[in-house]
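The values are calculated or read from the model by the stated rules, or taken from the named source; none is laboratory data. It should be emphasised that the depicted structure is a prediction, and the values quoted were computed from it without experimental measurement. Here Cβ is always computed from backbone atoms with ideal geometry, including for glycine, and neighbour counts include all displayed protein chains.
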Amino acid sequence: MDDSKWTASRIPDQTGRTFVVTGANSGLGLATSRQLARRGAHVIMAVRDETKGRQAIAELTAAQPDARLELRRVDLADLDSVRAFADRIHADGVSVDVLVNNAGVMMPPRTLSPQGHEIQLAANHLGHFALTGLLLGSLRHHDDPRVVNISSILHRRGRIRFDDLTGARKYSPLAFYAQSKFATTLFGLELDRRLRASGSPVRSVLAHPGYTATNLQSSAPTGLTKLLGGFTNRLLGQDVEVGALPQLYAATDPGAEGGEFIGPDGVGESRGHPTRVRPVASAEDPATAVRFWKLSEELTGVCYDLPAAV
């Protein structure tokens, strides 16, 4: 990447391109939608709460009346909702160029999804795994198609608890958040390997925002964790418009390559402008990735037409 600082002003013109951004009504998703719309993109803002989604669109169009924004509902923690969303995209003949898997939940009390999965793994990984698989066929036919998965610095503390995936034996909100973001990273890297092996033009790129002040740190956590989240946001968190830059780079810059991980260039990758970073070494293990890919297909019922790379 160029040594000069990458900012949103360097996003190429996106006129004629359609982006699906999950979790688009607030935080990183809203900032990402704003910048994409400014560059002429048609942005499908995929949200769980339609009231908040309409408020977000009103905010964006007030500043940019010609913004091409569309609201669609999806609950990433509910696989039935994910399938319904994808079915509507196909039924309406929508052509998607870039999928930004941004939505997520962070450190709630132990909760299970409608399908019985731990809620952080369900919303942060399984829903996006299913959505990507269901939309991948249409992505393949576009110019410069991409899938961008949003990970976290905390993926470095994660591992897949194959013997206790739902936390039934022992649950920690932080540990299971880290597991979900480790899962996201495994998925993004394995997707890249499979896409390359199949000769697909789709790029799978990972990004993380460092420590960015969003409502994630205070909306789902409870008790002391909630209080600390609000305090550290004010003290340490960078502005969301800067935090969104790594995923905007991954989604739009011609120099972003499949398999890359984009994060902030500051100390500890906690803040700053986009640069290439490395995932934790365990996330690059193909054997773990293949095992977890098979499990993700079983848990979601979505099977990819992408065999494991040899």
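So which helices (runs of 4 or more DSSP H) stay within the range 146-256 end to end and still have 1 or more residues that are at pLDDT 95 or above, under 18 Å from Ala281 (Cα atoms) and β-branched (Val, Ile, Thr)?
Fully inside the range 146-256 and qualifying: 173-198.
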- Test Gly133 against the stated conditions and say whether it is part of a helix (DSSP H, G or I), at pLDDT below 95 and out of contact with any strand residue (DSSP E or B) (no Cβ under 7 Å at 6 or more places or on another chain). no
- Query: Can you pull out the residues in the range 266-307 that are among the acidic types (Asp, Glu) and buried (at least 19 other Cβ atoms within 10 Å of the Cβ)?
  - Reply: Glu269
- When residues of the range 44-62 are limited to those that are under 12 Å from Ala24 (Cβ atoms) and hydrophobic (A, V, I, L, M, F, W, C), the one surrounded by the fewest Cβ atoms within 10 Å (Cβ to Cβ): Leu60
- Query: Could you say whether any residue in the range 182-191 is surrounded by fewer than 15 Cβ atoms within 10 Å (Cβ to Cβ), charged (D, E, K, R) and over 13 Å from the mean Cα position of the chain (by Cα)?
  - Reply: no
- Task: Return yes or no: is Arg146 basic (Lys, Arg) and closer than 24 Å to Asp75 by Cβ?
- Result: yes
- Query: With respect to Ala41, is the statement that it is aliphatic (A, V, I, L, M), at pLDDT 95 or above and within 26 Å of Ser180 (Cα to Cα) true?
  - Reply: no
- In the list Ser152, Ser113, which residue meets the criterion of being surrounded by 15 or more Cβ atoms within 10 Å (Cβ to Cβ), in contact (Cβ under 8 Å) with a residue 40 or more places away in the chain and farther than 20 Å from Arg34 by Cβ? Ser152
- Task: Kindly check whether there is at least one residue in the range 109-116 that is assigned to a loop (DSSP other than H, G, I, E, B) and either in contact with a Lys or Arg (Cβ under 8 Å, 6 or more places away or on another chain) or of a type in the set (Val, Ile, Thr) (or both).
- Result: yes
- Do the conditions hold for Gln35, that is, is it surrounded by fewer than 24 Cβ atoms within 10 Å (Cβ to Cβ) and either touching a helix residue (DSSP H, G or I) at 6+ places or on another chain (Cβ under 6 Å) or of a type in the set (Phe, Trp, Tyr) (or both)? yes
